[in-house]
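These notes are about the structure you will find just below.
The values are calculated or read from the model by the stated rules, or taken from the named source; none is laboratory data. Remember, it's a predicted structure, so these values are computed and weren't measured experimentally. Please note: Cβ atoms are built from the backbone with ideal geometry, for glycine as well, and neighbour counts cover all protein chains shown.
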Amino acid sequence: MRKRRESPITPEAEVCRVPCFNEALVARLRAALPADSQLAAKSMTLQGLADRTRLKILYALRSGEELCVCDLAHVLGLSVSATSHQLRLLRVLGFIRYRNDGRMVYYSLAAPDLLDWLEQGRALLQNHRPSVEAVGGRR
């Protein structure tokens with residue numbers, strides 16, 4: 001028989017010891033959940049922001065300057081090919097827009113306040129995150 005390993009993040013005191021649930025509450029909350037398709041779209045948005053290179057591109061475009069893929073590649077210290085791949089993903093997700101000027105393509109943020117939203121979310125989490133000691137962590 002395998003011994004159950006207790007998680008340091010979830011102390012046993014935080015887990016119900018009696019299997020029960022409030023049927024009416026569970027039904028109401030389940031009905032209020034967004035559809036799986038809506039959650040998939042939100043998840044893709046967050047995954048798009050969960051990459052350091054893509055975040056660097058967004059921060060590079062934050063100034064409002066339009067940049068071509070070559071400029072961005074030099075800012076990031078990456079190849080043009082690698083930068084172009086990340087730009088394509090950001091375009092598909094709707095984070096950036098582009099415009100053609102002859103043979104040149106220039107990129108800019110689609111929503112200039114996107115990074116402000118990201119910073120607000122980070123600050124909100126920092127203000128409400130329990131300390132390491134509160135979740136059973138070590139000093």
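When you scan the range 77-94, do you find a residue that is touching a strand residue (DSSP E or B) at 6+ places or on another chain (Cβ under 6 Å) and among the basic types (K, R), even just one? The answer is no; no qualifying residue exists. Against the numbered list (1) modelled with pLDDT of 95 or more; (2) on the phi > 0 side of the Ramachandran plot, Y106 comes up short only at (2). When each of L124, L29, L46, L109 is tested for being farther than 30 Å from E14 by Cα and either surrounded by 10 or more Cβ atoms within 10 Å (Cβ to Cβ) or under 18 Å from the mean Cα position of the chain (by Cα) (or both), the lone residue that passes is L109.
Just so you know, in the range 82-106 the residues that are surrounded by 10 or more Cβ atoms within 10 Å (Cβ to Cβ) and of a type in the set (G, A, S) include one that is nearest to A41 (Cα to Cα), and it is G94.
For L114, the conditions (1) touching a helix residue (DSSP H, G or I) at 6+ places or on another chain (Cβ under 7 Å); (2) at pLDDT 95 or above all hold with the exception of (2). Look at (1) β-branched (V, I, T); (2) modelled with pLDDT of 85 or more; (3) under 30 Å from E14 (Cα atoms) and you find that I96 fails only one, number (3). Contact map, the range 59-84: first residue in contact (Cβ under 8 Å) with a residue 40 or more places away in the chain, second residue assigned to a loop (DSSP other than H, G, I, E, B), Cβ cut-off under 7 Å, separation 6 or more or different chains; pairs are G64/P112.
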